[in-house]
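Before any comments, here is the structure.
The values are calculated or read from the model by the stated rules, or taken from the named source; none is laboratory data. Everything numeric here is computed off the predicted structure, so don't read it as measured data. Positions of Cβ are generated from backbone atoms using ideal geometry, with glycine treated the same way; all protein chains shown enter the neighbour counts. To get the accessible areas, we keep the full protein, side chains included, count just its heavy atoms, and leave off ligands, DNA and RNA. Shrake-Rupley method; radii C 1.70, N 1.55, O 1.52, S 1.80 Å.
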Amino acid sequence: MTTLLDPTSERSPTARERLARPDKLEGLTVGLLEISKPRGDVFLDRIDQRLTERGIVVKRYMKPTVAKPAPLPLAQQIGTEVDLMIEGLAD
């Protein structure tokens with residue numbers, strides 16, 4: 001069981017089972033989310049390059065600001081378009 005903490009205004013932690021990791025990436029679509037921190041794009045550009053070299057389909061997304069969670073429409077879009085997500089944190 002994993003405890004998730006929301007740093008924005010959480011009053012009590014949420015406990016959730018972790019999803020199983022896929023056995024392989026081939027045939028899946030991987031989402032890359034930039035959170036608008038400096039140099040996050042550098043990290044995700046390299047991940048994008050490596051996945052694309054392996055023939056993995058990659059979709060890129062960007063939060064409008066680092067200071068807030070992703071807007072609901074963006075989160076919903078991501079949830080319908082990709083099989084798994086990598087979020088880029090950098091500075």
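Structure summary
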quantity: Zone residues, the range 54-91, relative to E26, backbone N less than 15 Å from point 7 Å out along Cα-to-Cβ; calculated: 54-57
quantity: Backbone HN-Hα couplings from phi across the range 46-52 [Karplus 6.51/-1.76/1.60, Hz, Gly and Pro as x]; calculated: 5, 4, 4, 4, 5, 5, 4
quantity: Mean accessible surface per residue for the range 50-91, computed with a 1.4 Å probe while every protein chain stays in place, in Å²; calculated: 70
quantity: G31 long-range amide H proximity, modeled H, under 5 Å; calculated: K59, D83, L84, M85, I86
